[in-house]
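**Q** Below you'll find the structure I mean.
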Amino acid sequence: AGDVTVLRGLLRVIRDFGASLVCCHSTKAGFLGRLAARLAGVPAVFTVHGWGFSEGVPAMRRAAVLRAERLAAGWADRIICVSEYDRDLALRHGVARPEQMVVVPNGVPPVGEELRARPGEGSPVRLVMVARFEAPKDHLLLLRALGGLVAPEWELWLVGDGRLEEKARREAAGLGLKDRVRFLGPRHDVPELLARCHVFVLTSHWEGLPLTVLEAMRAGLPVVASDVGGVREAVADGETGFLVPRGDAARLRQRLRLLLEDPALRARMGAAGHAHWRERFTLDRMLRHTQAVYREVLDRAFRRRPAPAR
């Protein structure tokens, strides 16, 4: 009943607003938005921020989402994927036609020089992870990797909240990390926090192309992240940070130790990450490419319209 109510509401908004194009994001909103657009006879563009059938998603959920996406794909004039990984995954699973999909990587806006981090300077070394305490993320992996690292001196900032936060708090206490791990909750000053840190970490079960990784690169931080989804399209392993196999605590601990012990490596990787962000992941670049897709769909829709009767 809830989805039917939402669908009716979307149809009313499309018709009352006189929409020429429906743009929708994420799994549930993307399904209902595309269906509403189809029923209203309006073109639609769907942006994928990581498929719900990605590797790492629980099997039952993956199967259900895959069926839904195969059905809904035909309701979109274009599908924007934020990573090549997502485009390739859709092709492998027969979700959409190659010509229907286009890759437009995520982007984040620039910030002032005062928000650039100095990862090679200062002590203790401050690690930061900005992520919801929800199923896609793997805070416990990070805590277990850090449980084996005593020196050099470090502390971890965890930004975000969610249903799994209490479990992470218990894990930190059980590993004897309570005094080294700070749970900062949801924050509106993430750029300022990143500027005060030395290493950004994102441990995940699955991802699209995480904005937090791009924000960390913009700040000039080296990034250590799980090698899932489109993460490797942002993080150049061994150059701007390190990629770690999903769930591999030992490899994660080893990579973190390298950065904790080597200020020059942190500085070098952070500078390379900032240059990589400036070249490929700015907001302006993302907007230009996204607007071009919207214009293409609208132009095609206008050409298909019947000429007015004379």
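The values are calculated or read from the model by the stated rules, or taken from the named source; none is laboratory data. Predicted model, so just to flag it, every value in this text is computed and none were measured. FYI the Cβ positions are ideal-geometry reconstructions off the backbone, even for glycines, and counts take in every protein chain you see. Surface areas here come from the heavy atoms of the whole protein model, side chains and all, with no ligands, DNA or RNA. Shrake-Rupley method; radii C 1.70, N 1.55, O 1.52, S 1.80 Å.
**Q** How big is the dipole moment of the chain about its Cα centre under a simple scheme where the beta carbon of each Lys and Arg is +1, that of each Asp and Glu is -1, and everything else is neutral? Debye, nearest 20, please. Intermediate results must be reported in sequence, preceding the final value.
**A** Values: 48 positive and 36 negative charges, 241 e Å.
Result for the chain is approximately 1160 debye, rounded to the nearest 20.
**Q** Could you do me a favour and compute the accessible area per residue for the range 199-254, 1.4 Å probe, result in Å²? Don't skip to the end; give the middle numbers.
**A** Details: 1500 Å² over 56 residues.
Ligands and nucleic acids excluded, the figure is 27 Å² per residue.
**Q** What percent does the relative contact order of the range 1-105 come to when contacts are Cα pairs within less than 8 Å and at least six residues apart?
**A** Reported as a whole number, the value is 22 percent.
**Q** Treating only the Cα positions of the range 163-276 as identical point scatterers, give the base-10 log of I(q)/I(0) from the Debye formula at each q in 0.09, 0.17, 0.18, 0.21 Å⁻¹.
**A** -0.24, -0.89, -1.00, -1.31
**Q** Another question, then. Tally up the carbon and sulfur contribution to the accessible surface of the range 126-275 as a whole percent, 1.4 Å probe, everything protein left in place.
**A** Numbers: 2840 of 5910 Å².
That fraction is 48 percent.
**Q** Report the net charge of residues surrounding Leu10, where surrounding means a beta-carbon distance below 13 angstrom and charges are Lys +1, Arg +1, Asp -1, Glu -1. Mind dumping the intermediate values first?
**A** Values: positive: Arg8, Arg12, Arg15, Lys28, Arg34, Arg38; negative: Asp3, Asp16.
That works out to +4.
**Q** Rounded to a whole number, what % of the accessible area of the range 45-84 do carbon and sulfur atoms account for, probe 1.4 Å? Could the numbers behind the result be given before it?
**A** Numbers: 930 of 1620 Å².
So the carbon and sulfur contribution to the accessible surface is 57 percent.
**Q** If one takes the longest principal axis of the Cα atoms in the chain, at what angle in degrees, from 0 to 90 and to the nearest 10, does the Cα axis of helix 165-174 lie?
**A** The answer is roughly 20 degrees.
**Q** Name the residue farthest towards the positive end of the dipole of the chain from the options Ala172, Thr282, Ile14, assuming +1 on Cβ of Lys and Arg, -1 on Cβ of Asp and Glu, about the Cα centre.
**A** Ile14
**Q** Can you tell me the mean projection area, over all orientations, of the convex hull of the chain's alpha carbons? Units nm², please.
**A** On the way: hull surface 72.6 nm².
Directional mean of the projected Cα hull area for the chain stands at 18.2 nm².
**Q** Among the lysines, which have Cα under 29 Å from the Cα of Lys28 when same-chain residues fewer than 8 positions away are ignored?
**A** Partners found: Lys137, Lys167.
**Q** Leaving out ligands and nucleic acids, and using a 1.4 Å probe, what accessible area per residue does the range 1-54 come to in Å²? Can you show the working numbers first?
**A** Working: 2670 Å² over 54 residues.
In whole numbers, the range 1-54 has 49 Å² accessible per residue.
**Q** First obtain the Kirkwood hydrodynamic radius of the range 51-99 from its Cα pairs, then insert it into the Stokes-Einstein equation at 25 °C and 0.890 mPa s, and state the resulting D in µm² per second as a whole number.
**A** Values: Rh = 11.0 Å.
Translational D for this selection: 222 µm²/s.
**Q** Compute the whole-percent fraction of alpha carbon pairs in the range 4-48 spaced more than 11 Å apart. Before the final figure, lay out the partial values.
**A** On the way: 577 of 990 pairs.
When every Cα pair of the range 4-48 is considered, 58 percent fall beyond 11 Å.
**Q** How many times 2.2 N^0.38 Å is the alpha carbon radius of gyration of the range 173-239?
**A** Values: Rg = 13.2 Å, N = 67, 2.2 N^0.38 = 10.9 Å.
It is 1.21.
**Q** Relative contact order, percent, of the chain when contacts are C-alpha pairs under 8 Å separated by at least 6 residues?
**A** On the way: 576 pairs, mean separation 56.4, N = 310.
Normalised by residue count, the contact order of the chain is 18 percent.
**Q** How many Å² of accessible area per residue for the range 73-136, probe 1.4 Å?
**A** Numbers: 2640 Å² over 64 residues.
That works out to 41 Å² per residue.
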